[in-house]
Amino acid sequence: MSIDPDMKASIALTRFGLGAKPGELAAARADPTGYLKAQIRPAGADQPQGDLKSGAAHFNEVRDYQLMRRQDKADGLDPVKHAQKTIRESAQPEFLSRAQLACQTDAGFRERWTLFWCNHFTVAAKNLPTAVEVGPFEREAIRPHVFGRFEDLLAASTMHPGMLLYLDQVQSVGPHSLFATTRGFGYGGGGKLSGLNENLAREILELHTLGVGSGYTQADVTEFARALTGWSVQGENRGAGRFASAGEPGEFTFREALHEPGARHIFGKTYDEDGVAQAGAVLHDVAGSPATAQHLATKIARHFVADDPPPALVARLKSTYLDTDGRLDRVAETLIDSPEAWAPEQRKFKTPYEFLVSSYRALNLAPDDFTRFGPVLTSLGQQPFNAPSPKGWAEDAQAWAAPDAIVKRMGWSEAYAAATAPVMSEPMQIAQNALGAQLTPPVSLAVSRAESRPEALAILLMSPEFQRR
Amino acid sequence: MTRPLDLTRRSALLAAAGAGVSISFLGRSAYAAAEGDLARRKLVVIICRGAMDGLSVSPPVGDPNYKPLRGEIAIGGFDQADGALKLDDTFGLHPKLTTIHALALKGQARIAPAVATPDRARSHFEAQDLLENGSPVVYGASSGWLNRAMEALGPRKIEAISVGAQAPLILRGKIQAASWSPGGYKDRDSRLPGILADLYAHDPLLGPALASGLETEAMAKVATSAMGSESAMNPAATPAATSMSMASPAPSGDYAQQVRQAQAQVGRQGAVAARALGTTLAHFMTEPNGPQIAAISIDGFDTHANQGAAEGQLANRLAYLDAVIDGLQSGLGPEWSNTVVVAATEFGRTAHVNGTRGTDHGTASTALIAGGALKPGGIVGDWPTLAQGRLFEARDTAPTLDMRGLFKGVLAEQLGVDRRALDTVVFPDSAGVAPVAGIVA
């Protein structure tokens with residue numbers, strides 16, 4: 001079945017990309033698949049622009065702040081207010097510049113592909129130290145690797161302070177490690193407990209790689225957690241003095257003193273490597289597992305094509321993954337070359353972030369003020385940098401199309417249309433630029449009959465075809 | 001824009017759109033009223049996400065193994081300041097659960113201390129799916145058991161509502177449920193809702209959602225004005241907001257005391273919002289022909305590190321839960337006597353404290369059952385004890401009661417859902433799981 005070239009251009013921009021900016025449909029029309037493939041590049045994703053600090057710098061700031069807080073307390077300042085101020089000053093510009101990139105980029109597929117991996121490896125703002133690490137985590141661990149090998153992406157994610165803090169890995173101590181068995185520390189005394197925390201180990205297997213139900217056991221999780229002991233961040237208090245390890249403050253460090261000695265037995269295989277290489281070998285093995293290929297292929301197909309993805313597409317993505325040793329650029333090309341991904345029917349409902357970004361793109365605008373952009377996302381159910389769990393944001397339409405959410409999208413559309421009225425061009429032209437062949441006659445008619453430009457734009461943004469992709 | 005809602009106009013628009021949902025709260029009159037007793041019965045299900053620690057919700061301080069297993073995160077004994085609130089010789093309630101304790105003393109709250117879904121994989125996401133879809137196997141159903149229970153009662157007999165920006169699985173399914181979160185749709189003069197209702201006329205996803213959302217907004221206006229408080233309209237009151245935990249840095253060294261104070265302060269603010277949320281929901285439910293079924297999600301129970309005891313991370317979430325129930329009870333007024341509230345979680349946590357003053361994923365946990373419609377009684381289900389030989393896989397509270405049995409008992413006795421529907425449609429392939437009897441008076 002051949003698809004109309006105008007429809008194919010619309011699909012390239014809306015389903016694979018983040019929504020069409022004015023002029024993009026025309027640019028993609030001659031060769032939509034080539035247009036998308038040209039966005040795949042070894043250097044990985046684009047980087048949000050602005051004066052953004054590294055994860056290490058943020059980590060060190062939080063530590064300095066925590067040290068200062070004792071003084072603040074004596075001065076009568078409120079530590080909670082101070083903490084919130086710190087979050088405001090660092091995480092907000094970070095999120096805003098990320099949203100600006102999404103609204104302005106000419107490589108919408110590259111950014112959608114990147115946001116998929118950011119959500120796959122969710123780090124969320126569960127407390128102050130993680131709140132400032134989400135942006136750096138995405139920039140430093142995810143973006144450089146999105147078109148490389150999955151194994152490298154997995155390693156970068158697992159070693160980043162953001163992930164190590166978010167899933168409590170920095171607190172995990174081998175029960176028989178030097179630290180735990182040294183008098184005055186660990187179990188030995190000083191009133192400090194120390195032991196395993198299996199959170200990161202479990203979520204790597206369940207969410208990042210093999211997938212739930214793929215056959216690993218509680219014993220595998222616990223053994224993997226033992227293998228991961230010592231994976232930490234330089235500057236955590238347990239690395240002081242005699243337990244010191246190499247590395248710059250705020251960056252990954254391996255603490256031999258916290259590492260559980262001995263070989264580990266995981267998935268029936270013995271891992272007798274020393275130190276950091278032990279969990280590294282486990283990560284290598286799980287990255288190459290067919291279960292991981294199946295899990296990732298299913299998630300990619302679900303994100304790009306349908307909540308209930310076509311099995312043939314999943315099988316093809318899986319096969320590319322296994323044939324190329326997990327090369328994500330090849331997997332992306334396979335996705336673009338798959339006919340299932342080009343079916344005209346729109347089967348994906350936009351998340352709040354996707355809806356807002358595509359609304360800005362339709363007018364060639366970008367948000368310039370976090371205090372107006374962030375709270376909207378929160379009210380639509382997608383609080384900035386704060387996914388509700390390590391599983392990330394929901395993928396399915398049912399989760400986002402709740403009655404309350406639709407009413408709130410409607411309210412935002414009206415406010416956005418009213419605010420942008422002074423810079424708005426002809427609404428019908430905006431509709432054609434944004435949707436092209438996806439624009440249906442009833443919506444076209446409703447837009448043309450609107451009693452004002454803002455009303456016309458609000459109708460377009462809330463139309464069934466603009467809410468979907 | 002303060003002029004009154006033009007409900008007649010809106011209702012007409014929506015009905016004309018043929019959106020699949022005839023107007024419910026305000027346009028529908030006959031159905032529920034005709035059902036006599038059922039028309040008054042109310043059920044609220046609170047899903048506590050992240051694996052709520054049953055051994056802190058209802059600490060078995062009389063169990064000799066409790067204190068040694070829990071160490072510094074153990075809740076104190078009945079005689080201690082900040083200790084457990086006594087239920088019987090074995091069990092107390094967490095000191096933050098003061099509302100629930102007061103209800104328990106009146107025979108209006110009970111605990112099921114060792115309840116679990118059929119899941120044993122200790123995955124939050126699988127287990128939450130089972131908790132909400134009622135299936136015995138993962139991915140066994142794509143709709144929620146509460147929705148199928150409504151379907152089993154007959155079409156459009158009763159209404160349901162969820163609170164929060166996202167629709168929870170438990171209420172998804174063939175029956176369109178309303179949803180609401182604080183922060184309303186303001187522009188009452190707009191033509192847009194009517195135009196969209198037309199455009200959504202044949203859209204099975206957006207049509208019913210918009211219709212339901214607009215009805216609920218109309219209800220919210222009435223319900224929140226009845227409260228006489230703007231606090232419920234504050235976005236911070238939504239249970240989905242996790243800003244509470246954002247402001248609670250992990251304690252280290254000498255900061256622990258400061259952090260505890262900060263957490264307590266944040267917890268108090270959260271409790272005010274939570275109570276307002278419960279009150280607002282209660283007002284929805286007491287409107288004529290308002291929803292009789294409601295679902296609320298509360299997250300933040302995944303306490304792997306620095307869980308706290310009488311104060312701290314988990315204590316704040318329990319205070320939030322207690323305040324929601326407090327708000328519900330006061331908002332429902334006399335209707336409380338027709339109400340059952342069930343609070344449940346996907347699984348419990350390890351019996352042992354872990355190496356980071358927290359607990360890892362476990363198996364059985366505590367479900368709370370409250371309401372004026374309750375039949376007084378002791379614990380629901382058996383207590384397996386925490387003796388080493390009795391722990392599940394030598395680490396978790398062992399399950400003695402299938403969560404589905406508890407839900408089936410509540411649905412049977414509170415809403416009159418028949419056994420055959422419970423065994424097959426509402427909880428597929430569950431004939432072997434008997435409904436717990438004697439929960440509702």
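Nothing in this text is a laboratory measurement; each read-out follows from the coordinates by a stated rule. Since the structure is predicted, the reported quantities are computational estimates derived from the model, not experimental observations. Cβ: placed from backbone, ideal geometry, glycine included. Neighbour counts: every protein chain shown.
The table below gives the values:
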read-out: A:S245 paired with B:A441, simple spin-label distance in nm, labels 7 Å along Cα-to-beta-carbon; value: 6.0 nm
read-out: Region B:56-116: trypsin sites (Lys or Arg not before Pro) in DSSP loop, at most 14 other beta carbons within 10 Å; value: B:K106
read-out: Förster radius 22 Å - calculated FRET efficiency between A:S444 and B:R191 (Cβ-Cβ, nearest 0.05); value: 0.80
read-out: Dipole in debye (nearest 20) - region A:300-402, about Cα centre, beta carbon charges: Lys, Arg +1; Asp, Glu -1; value: 140 debye
read-out: Cα-based helix-to-principal-axis angle, A:55-75 vs chain A, degrees rounded to 10; value: 70 degrees
read-out: For the protein assembly as shown, size of Cβ-based charge dipole, Lys and Arg +1, Asp and Glu -1, in debye; value: 1140 debye
read-out: Dipole in debye (nearest 20) - region A:359-469, about Cα centre, beta carbon charges: Lys, Arg +1; Asp, Glu -1; value: 140 debye
read-out: Other-chain or far-sequence residues with amide H under 5 Å of B:D299's (modelled H); value: B:R49
read-out: A:M68-A:A219 pseudo-label distance in nm [points 7 Å out on the Cα-to-Cβ vector]; value: 5.2 nm
read-out: Residues with amide H under 5 Å from that of A:A306, placed H, sequence gap 5 or more; value: none
read-out: Prolate/oblate/rounded call for the protein assembly as shown, Cα gyration tensor, a/c under 1.5 rounded; value: oblate
read-out: Cα long-axis angle, helix A:453-462 against chain A (0 to 90 degrees, to the nearest 10); value: 50 degrees
read-out: Potential extension, A:M428-A:T181 segment - 0.36 nm per residue separation minus Cα distance; value: 81.7 nm
read-out: Simple spin-label estimate for A:A421 and A:D325 in nanometres, 7 Å along Cα-Cβ; value: 6.1 nm
read-out: Residues A:K21, B:K375, A:K53, sorted so that the one with the fewest Cβ neighbours within 10 Å comes first; value: B:K375, A:K53, A:K21
read-out: Three-way shape call for chain A based on the alpha-carbon gyration tensor, with the a/c threshold at 1.5; value: oblate
read-out: Antiparallel DSSP beta bridges within the protein assembly as shown, percent to nearest 5; value: 50 percent
read-out: Helical contribution to [θ] at 222 nm, DSSP H n ≥ 4, -39,500 (n - 2.57), averaged over chain A, rounded to 500; value: -15500 deg cm²/dmol
read-out: Least to most buried among A:K391, B:K67 (fewest other Cβ within 10 Å first); value: B:K67, A:K391
read-out: Pairwise FRET efficiency - B:A102 versus B:A39, Cβ, R0 = 30 Å, nearest 0.05; value: 0.60
read-out: Cα gyration tensor, region B:336-382 - rounded (a/c under 1.5), prolate or oblate; value: prolate
read-out: Unit charges at the beta carbon, dipole of chain A: most positive-side option, A:N199, A:T114, A:V305; value: A:N199
read-out: Hz values of 3J(HN,Hα) by residue in region B:429-441 - Karplus curve (6.51, -1.76, 1.60), Gly and Pro given as x; value: 6, 10, 4, x, 9, 6, x, 5, 9, x, 8, 9, 5
read-out: Qualifying GluC sites (Glu not before Pro) for region A:341-424 [loop in DSSP, other Cβ within 10 Å: at most 12]; value: A:E345
read-out: Positive-pole candidate from B:V353, A:A27, A:T229, dipole of the protein assembly as shown, charges at beta carbon; value: B:V353
read-out: Options A:L328, B:G62, A:L178, ranked by Cα towards positive dipole end of the protein assembly as shown, top entry (Cβ charges); value: B:G62
read-out: Under 15 Å from B:K86, Cα to Cα: aspartates and glutamates that are on another chain or at least 8 residues apart; value: B:D63
read-out: Distant-in-sequence amide H partners of B:M52 (H built 1.01 Å from N, under 5 Å); value: B:E346, B:F347
read-out: Of the trypsin sites (Lys or Arg not before Pro) in region A:89-183, those whose Cβ has at most 16 other Cβ within 10 Å and which sit in DSSP loop; value: A:R183
read-out: Fewest-first ranking of A:T270, A:T14, A:T222, using other Cβ atoms within 10 Å as the exposure measure; value: A:T270, A:T222, A:T14
